[in-house]
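Structure first, commentary second.
The values are calculated or read from the model by the stated rules, or taken from the named source; none is laboratory data. Here the structure is a predicted model, which is why all the values come from computation and not from measurement. A quick note on method: Cβ atoms are made from the backbone with ideal geometry, for glycine too, and the neighbour counts reach across all protein chains shown.
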Amino acid sequence: MAISQKENYMSKYGHRPHNWFEAIINKLGGEEAGEQFLRGELTVSKPEKPTILEFLGTVSVPATNKKFVAKKKFVINTGDDAAVKISYLGDNFKAEFLGKTEKPFAGSELRQQKLKQASVDGLIIAEIGGEAKAETTLTEVFALMEKQGKGESGTILNNGYANIFYVRNVKGVLRAVFVYWLDGGWGVGAYSVESPGRWFDGLQVFSRNS
């Protein structure tokens, strides 16, 4: 038995009021636009999701042939003899990272981005693409510090603003490690990525470039 026009109409969107259909046509740009859409001559794209990170560039980290022993590298010393001046190590960083040793490093390319608005770590990591893409190493963190060992201008911020890296601690738990210039040397700290605290806009974030 043939289905009547009314029965066909009611079978799917009959519960919608007529002004619902009218609103769709108006959004498309009128009747002609609606006809173009049905003919496949007009497409509708979803608005781009707002981003919280601005891409700045990439930075290469050279390979190493020795293990990286954190307690031998992250040492407080702001004297003229220090290759990397370090003025402060946070309690969390000392407890969770100074006991860490990393294997010789094959080299990498890191993605450098600026935080465009205040955000918690969870949202930053999600935009990067998850923990695997966000994760970096102490070897890479120190390599960038070493390039600006006495606070020179360069890739990482030296104006007191934090440079954020996501690194696994001695227990394999991902933490936010941050580096900033403080009192004539680099300050280094660590937070849980589940902390409700937000990073301010203008800070830098480093992650895998893949």
Out of the residues in region 171-191 meeting the condition of being free of Cβ contacts under 8 Å to residues at least 60 places away in the same chain and not in a loop (DSSP other than H, G, I, E, B), tell me which one is surrounded by the fewest Cβ atoms within 10 Å (Cβ to Cβ). 174
With (1) out of contact with any Asp or Glu (no Cβ under 8 Å at 6 or more places or on another chain); (2) surrounded by 14 or more Cβ atoms within 10 Å (Cβ to Cβ) as the list, and residue 113 as the residue in question, which single condition is left unmet? (1)
Sort out which residues of region 116-134 are surrounded by 17 or more Cβ atoms within 10 Å (Cβ to Cβ) and either within 22 Å of residue 68 (Cα to Cα) or in contact with a helix residue (DSSP H, G or I) (Cβ under 6 Å, 6 or more places away or on another chain) (or both), and write them in order of number. 125, 128, 134
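Would you mind finding the one in 44, 61 that is exposed (fewer than 12 other Cβ atoms within 10 Å of the Cβ) and either of a type outside the set (Lys, Arg) or in contact (Cβ under 8 Å) with a residue 12 or more places away in the chain (or both)? Even if it seems obvious, please write down each step before you answer.
Details: 61 fails: exposed (fewer than 12 other Cβ atoms within 10 Å of the Cβ).
Testing whether each residue is exposed (fewer than 12 other Cβ atoms within 10 Å of the Cβ) and either of a type outside the set (Lys, Arg) or in contact (Cβ under 8 Å) with a residue 12 or more places away in the chain (or both) leaves just 44.
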Of all residues in region 153-170, how many are surrounded by fewer than 17 Cβ atoms within 10 Å (Cβ to Cβ) and assigned to a strand (DSSP E or B)? 0
Any chance you could count how many residues in region 163-208 are under 21 Å from residue 77 (Cβ atoms) and of a type in the set (Gly, Ala, Ser)? 5
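I'm checking my understanding of the structure. Among residues of region 1-58 that are in a helix (DSSP H, G or I) and aliphatic (A, V, I, L, M), which one is modelled with the lowest pLDDT? Explain how you work it out, then say what you get.
Kept after step one, since they are in a helix (DSSP H, G or I), are these residues of region 1-58: 5-10, 18-28, 31-38.
Those still in the list that are aliphatic (A, V, I, L, M) too: 10, 23-25, 28, 33, 38.
On the way: 10: 45, 23: 72, 24: 71, 25: 71, 28: 67, 33: 68, 38: 76.
Result: 10.
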State all residues of region 92-110 that are farther than 28 Å from residue 52 by Cα, surrounded by fewer than 15 Cβ atoms within 10 Å (Cβ to Cβ) and within 24 Å of the chain's Cα centre (by Cα); if no residue qualifies, say none. 106
Criterion (modelled with pLDDT of 95 or more, surrounded by fewer than 14 Cβ atoms within 10 Å (Cβ to Cβ) and touching a Leu at 6+ places or on another chain (Cβ under 7 Å)) met by exactly one of 71, 66: 71
Criterion violated by residue 201 - all others in (1) of a type outside the set (Gly, Ala, Ser); (2) in a loop (DSSP other than H, G, I, E, B); (3) more than 19 Å from residue 122 (Cβ to Cβ); (4) in contact (Cβ under 8 Å) with a residue 60 or more places away in the chain satisfied: (3)
